[in-house]
Amino acid sequence: MLGWEFPPYISGGLGTACYGLTRGLDEAGVEVLFVLPMPLPHDAHSHVQFRTPAWLAQAGQEEAAEPAGEEAPAEPTFRHVQMRALPVILQPYGTPESYREAVERLEQRGAGGQQEVEIPGLELPAGQGEAGEVGASPGMYQGDLLGQIRRYATLAVELARREKFDLIHAHDWMTYPAGLAVAAHTGRPLVVHVHSTEFDRSGENVNQQVYDIERAGMHGADRVVCVSYLTRGIVLSRYGVEAGKVKVVYNAVELPAGGDFDASPIARDEKIVLFLGRITMQKGPEYFLRAAQKVLTKYKKVRFVIAGSGDLTGRTVELAAELGIGRYVTFTGFLRGNDVARVFRMADLYVMPSVSEPFGIAPLEALSHNVPVIISKQSGVSEVLTHVLKVDFWDVEEMANKIVAVLRHPPLQRVLRQQGQIELRRLSWRDSAERCKTIYEELAR
Amino acid sequence: MASVVFYFQVHQPFRLRRYSIFDSGTNYFDDQANADICRKVAEKCYLPANATIAELIGAHDGRFKVSYSITGMAIEQFRLYAPEVLESFQALAATGCVEFIAETYHHSLAFLYRRDEFIDQVQMHRELMADIFGQDPQVFRNTELTYNNDLAAVAEEMGFRAVLTEGADHILGYRSPSFLYRAPNCRDLRLLLKHYRLSDDIAFRFGNRQWESWPLTAEKFADWVDRINGNGYVCNLFMDYETFGEHQWADTGIFEFLRALPGAVMAKGDNDFLTVSEAIDRYPVSGELDVPHMISWADMERDISAWLGNSMQANALYELYALTDAVRGSNDARLIEDWRKLQTSDHFYYMCTKYFADGDVHKYFNPYESPYDSYINYMNILDSIRARLGQAAS
């Protein structure tokens, strides 16, 4: 299994999904060798408790990230999972400073210098190891990303020579070149897992290099797994992939262990409406604020909390001011671990106004914290949830209508919570893993 | 001798338009959708079914009888959108082979909340039946066959001779719905119970090709009816009239089945057809039926959880009837009429969360994308009613 992020080093839903799926596969008795790039250090999480694999969060992780796949200790609850860390930086949303730092650490270890591997169907530049903008999406993909992707592929092929496996499962575009290269060198079947596409991330201003990598990965794979039919539609229409090999496996959520609720909720007469996610065009923060402005014409005892960061953070702060609702809007910055759980538990309502959302795990997390949910119809998760409120992301009046209704009518909150809990229990990673297992078995035959 | 008692329910709600918190108008109804649906169902069901019934009455020299309950909501929409349907019902009334049953004019759940409002709505419906069909109904059915002992007492007090309800297994136990029963707290009121298995064979299973008895022929069904002989008197076939052509499409052969059924039934022994009043005139009461809790003909549960099964439904009904005194005392005829149309049980059925995720019959009849959308819309309209009463929003 070729991954890009894994808890606690996550910038979005991908790490959460990879963790959940791996856990489900473990339960289903599938042997998983999970290959990860070396994580970038974050300065924010030293005080945070993660209920995720301890192998990275524990002291001594530096040693775990030795070049070319020194074995890292897996979380004790995994029975069939092994982890391998490769000294590569795959971190598209990092800051230039953190990138520089990580490169310096790699250089100190003398990790460079291998011969680069061929990627079937792709021309990629050789790794430069230098920070600098890549491609046409400024602020998003930083550092010499393409070079690092190639380096990841090279190291993965090297690792593959020493490991036994029946099949390659690669998550999202950054690992597709590695998947293609390992498949070419070993003759094993390749599954690529599409958690999002360049069209979801960048609208119509697609980065051509990223698109080419995605396309090569999808066409070169034996099976393409999509996180929703919405995404499957994009894979068929925008990437021209043969329909027969494109399958859908929905994401799921892990229910939090009970008893971790704050004993002393803040006494307040204000309701909290939460936006949580990257502040980017794709996530629709603008629609959230325009709906908020309408809500405030009917309901004043409310605070709109925007949790997250992204390239539109500044613009979104300005928009709140322009709309004259600044004092009702709170920006928390990027939240991790317990802070995420805490903000969910404070919320009276979670809104996901995404313009384009391949799946969207956050609404499931909100439900798992017993928070009612409004999601945009332009999301994969709306294919699996029925006991939530749904709106078109652009219909801010309807969004406001529904927000006001949830705030005003306790019976509506109650039924959404009750039914949401029941529905949530039907979405398990074990089921998603079983679907993947079926796909593996078809290919292994 | 076994007597088939056909009773058909005819109802169309005034569906609500999308009404957001930012709306301020006082027209709450989706006139376009209501007109379209009324005309569509008239074409597919009411007109061809009435023509078939008229033809059968003629062909069998008045020995084929049926009973109808038609809500005030349906009659009003026929007047607005399909007057020829109303005329064809009046023509059926004139044959003398058709009996009309009383119910609440607005197809409401008022009995559960306000007795005064309930009695007024039943009176309105009685007057409507007298006015358009020249009949004074002797038999009562409450909305969706909701029923308990209290309802029996009130119906008897209002002068009705019988009430129709569901022959629910959990009420009947080993007893048969083919006998007549009385309520424990009434002097003489009769109960006619729906034979749900045979009724649902027509209403729900007729077109189902996976059903072991498919295809259902009139002869096969007449055999089943004939088996009641020796263990009962009546075969109460109670169903929505929309069964014919709307729930079971014409291409299932449902009209051919209906056309052939009277002949097939009457060909066996001396089986016949009766209206509801004829049935209570002819047959004795065989036992007492104690129904302390509300039953209905809905869902597997046969209770009222389809309309009052979650907090949203309970809240919407509570808030609706909390306005009763203010509305009734307002002397504003239009306001009273709007408020009464909001009492139609369908609005609460749309808020039902049972089976919602499974996409079953609840979803088929639901003009909303979800029960939540339906509740939000309804509560926004109640706000508007409150504003017209000069009350602040809750």
Legend entry - Residue in region A:392-414 that is closer than 16 Å to residue A:360 by Cβ and open to solvent by 10 Å² or more (accessible area, probe 1.4 Å) present: yes
Inset, instruction - Go through the residues of region B:102-115 one by one and say whether even a single one is open to solvent by less than 60 Å² (accessible area, probe 1.4 Å) and part of a helix (DSSP H, G or I). - result: yes
Legend entry - Checklist (1) open to solvent by less than 50 Å² (accessible area, probe 1.4 Å); (2) part of a loop (DSSP other than H, G, I, E, B) applied to residue B:23, failing item: (1)
Legend entry - Which listed residue is out of contact with any Pro (no Cβ under 6 Å at 6 or more places or on another chain), within 13 Å of chain A (Cβ to nearest Cβ), open to solvent by 60 Å² or more (accessible area, probe 1.4 Å) and at pLDDT 95 or above, from B:372, B:318: B:318
Inset, instruction - Sort out which residues of region B:303-315 are more than 8 Å from chain A (Cβ to nearest Cβ) and open to solvent by 30 Å² or more (accessible area, probe 1.4 Å), and write them in order of number. - result: B:303, B:304, B:308, B:309
Inset, instruction - Being open to solvent by 30 Å² or more (accessible area, probe 1.4 Å), small (Gly, Ala, Ser) and either part of a helix (DSSP H, G or I) or in contact with a helix residue (DSSP H, G or I) (Cβ under 8 Å, 6 or more places away or on another chain) (or both) is the filter here, so list the residues in region B:130-166 that pass it. - result: B:130, B:134, B:153
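So that you can scan it fast, the table gives a plain yes or no per residue for (1) open to solvent by less than 10 Å² (accessible area, probe 1.4 Å); (2) outside the structural domain of residue A:123 (by TED's automatic domain parsing); (3) over 19 Å from the mean Cα position of the chain (by Cα):
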| residue | (1), (2), (3) |
| --- | --- |
| A:184 | no, no, yes |
| A:190 | yes, no, yes |
| A:196 | no, no, no |
| A:202 | no, no, no |
| A:224 | yes, no, no |
| A:230 | no, no, no |
Inset, instruction - Test residue A:381 against the stated conditions and say whether it is open to solvent by less than 10 Å² (accessible area, probe 1.4 Å) and either within 21 Å of residue A:409 (Cβ to Cβ) or not assigned by TED's automatic domain parsing to the domain that holds residue A:407 (or both). - result: no
Inset, instruction - Spot the failing condition for residue B:353; the list is (1) open to solvent by less than 10 Å² (accessible area, probe 1.4 Å); (2) polar (S, T, N, Q); (3) not in a helix (DSSP H, G or I), and only one is missed. - result: (1)
Legend entry - Any chance residue A:176 is closer than 20 Å to residue A:117 by Cβ, open to solvent by less than 50 Å² (accessible area, probe 1.4 Å) and outside the structural domain of residue A:284 (by TED's automatic domain parsing): yes
Inset, instruction - Could you check how many residues of region A:350-383 are β-branched (Val, Ile, Thr) and in contact (Cβ under 8 Å) with a residue 60 or more places away in the chain? - result: 5
Legend entry - Qualifying helices (runs of 4 or more DSSP H) (wholly inside region A:348-445; at least 3 residues being within 24 Å of residue B:316 (Cβ to Cβ) and within 12 Å of chain B (Cβ to nearest Cβ)): A:396-408, A:410-424
Inset, instruction - From B:377, B:366, B:331, grab the single residue that is within 13 Å of chain A (Cβ to nearest Cβ) and modelled with pLDDT under 95. - result: B:366
Inset, instruction - Restrict the check to region B:179-187 and report whether at least one residue is assigned to a helix (DSSP H, G or I) and open to solvent by 20 Å² or more (accessible area, probe 1.4 Å). - result: no
Inset, instruction - Return yes or no: is residue A:318 in a helix (DSSP H, G or I), free of Cβ contacts under 8 Å to residues at least 24 places away in the same chain and over 30 Å from residue B:19 (Cβ atoms)? - result: yes
Legend entry - Restricting region A:402-444 to residues that are farther than 30 Å from residue B:351 by Cβ and among the small types (Gly, Ala, Ser), the residue that is modelled with the lowest pLDDT: A:444
Inset, instruction - Please work out if residue B:338 is at pLDDT 95 or above, open to solvent by less than 20 Å² (accessible area, probe 1.4 Å) and of a type in the set (Asp, Glu). - result: yes
Inset, instruction - State which residue pairs qualify: first residue on the phi > 0 side of the Ramachandran plot and inside region A:335-349, second residue among the polar types (S, T, N, Q) in any location, beta carbons under 8 Å apart, and separation of 6 or more residues or different chains. - result: A:337/A:49
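The values are calculated or read from the model by the stated rules, or taken from the named source; none is laboratory data. Computed from a predicted structure; not experimentally measured. Cβ atoms come from the backbone with ideal geometry, glycine included; neighbour counts cover every protein chain shown. With ligands, DNA and RNA removed, areas are computed over all heavy atoms of the protein, side chains included. Shrake-Rupley method; radii C 1.70, N 1.55, O 1.52, S 1.80 Å.
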